[in-house]
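Data first, discussion second: the structure below is written as structure tokens.
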Amino acid sequence: MTERSEHREQSLTGATEARGLEALISRATRAGKGAAPVERWNPDFCGDLDMEIKQDGTWFYLGTPIGRMPLVQLFSTVLRKDEDGRTYLVTPVERVGIRVVDAPFIAVEMDVSGAGEEQIITFRTNVGDVVEAGPGHPLRFVDENETGGLKPYVLVRGRLEALVSRPVMYELVEHGEEIDIDGRTMFAVRSKGEVYPIMPAEKLKRLSA
């Protein structure tokens with residue numbers, strides 16, 4: 001039997017048994033600590049895994065929450081979102097699809113240092129990533145039409161974003177200011193020299209009235 005065939009036999013195609021998950025854990029662990037270089041790996045697609053990240057950031061396997069945070073953190077280091085819009089767990093020898101309801105990570109804490117153009121906004125995610133909003137880690141704000149609310153996201157790595165939790169969002173907007181952007185007054189936040197518009201200033205005034 002060829003080495004390639006052996007990899008396929010050991011892969012997680014249609015995996016639903018615990019030993020399949022254990023095999024992935026083993027290979028993810030060998031991939032190294034910290035965020036793995038998943039962008040450089042190009043393994044075969046081995047099917048979908050019954051794993052889902054809910055909107056609140058909770059990871060589920062076979063419909064059951066994964067309660068072990070070290071395991072969730074391990075999986076987060078081999079996570080990748082591809083151009084097809086799907087999210088995968090990637091090791092050097094396989095790529096398996098998982099479901100993500102919203103964003104794979106949640107920004108659960110923030111810190112602000114400096115002021116004005118020197119201001120830096122730093123986020124910590126639920127899986128331990130720490131990122132400074134700015135070049136390479138932009139913020140974006142999405143209107144939630146069904147609720148009239150606002151959903152901020154910060155890019156963590158690759159195409160993977162963290163949804164800013166609601167308490168942190170309230171803290172974030174406290175650091176907003178009116179800034180002229182292309183001739184229009186916007187309510188926006190600054191970080192590391194970048195300006196991220198939240199909404200037109202007149203819209204904020206209407207909402208605040």
Lone unmet requirement of (1) modelled with pLDDT of 95 or more; (2) closer than 15 Å to Met110 by Cβ for Glu174: (1)
Long-range neighbours under 7 Å by Cβ, at least six apart or interchain, first residue β-branched (Val, Ile, Thr) within the stretch 173-196, second surrounded by 12 or more Cβ atoms within 10 Å (Cβ to Cβ) and not in a strand (DSSP E or B): Thr185/Ala201; Val189/Leu172; Val189/His175; Val189/Gly176
Scope the stretch 37-47; condition over 22 Å from Tyr153 (Cα atoms) and surrounded by 16 or more Cβ atoms within 10 Å (Cβ to Cβ); matching residues: Trp41, Pro43, Cys46
Exclusive hit being buried (at least 19 other Cβ atoms within 10 Å of the Cβ), part of a loop (DSSP other than H, G, I, E, B) and either among the aliphatic types (A, V, I, L, M) or at pLDDT below 95 (or both), set Val127, Val189, Val131, Val154: Val127
Residue list for the stretch 48-89, filter: out of contact with any Pro (no Cβ under 8 Å at 6 or more places or on another chain), buried (at least 19 other Cβ atoms within 10 Å of the Cβ) and polar (S, T, N, Q): Thr77
Residues (of a type in the set (A, V, I, L, M), more than 20 Å from the chain's Cα centre (by Cα) and surrounded by 12 or more Cβ atoms within 10 Å (Cβ to Cβ)) located in the stretch 192-209: Val195, Met199, Ala201, Leu204
Long-range neighbours under 6 Å by Cβ, at least six apart or interchain, first residue touching a residue at least 40 places away in the same chain (Cβ under 8 Å) within the stretch 82-95, second of a type in the set (S, T, N, Q) and crowded, with 16+ Cβ neighbours inside 10 Å: Glu94/Ser11
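The values are calculated or read from the model by the stated rules, or taken from the named source; none is laboratory data. What you see is a predicted model; the values in this text were computed from it and never measured. In this analysis, Cβ positions are derived from the backbone assuming ideal geometry, glycine residues included, and neighbour counts consider all displayed protein chains.
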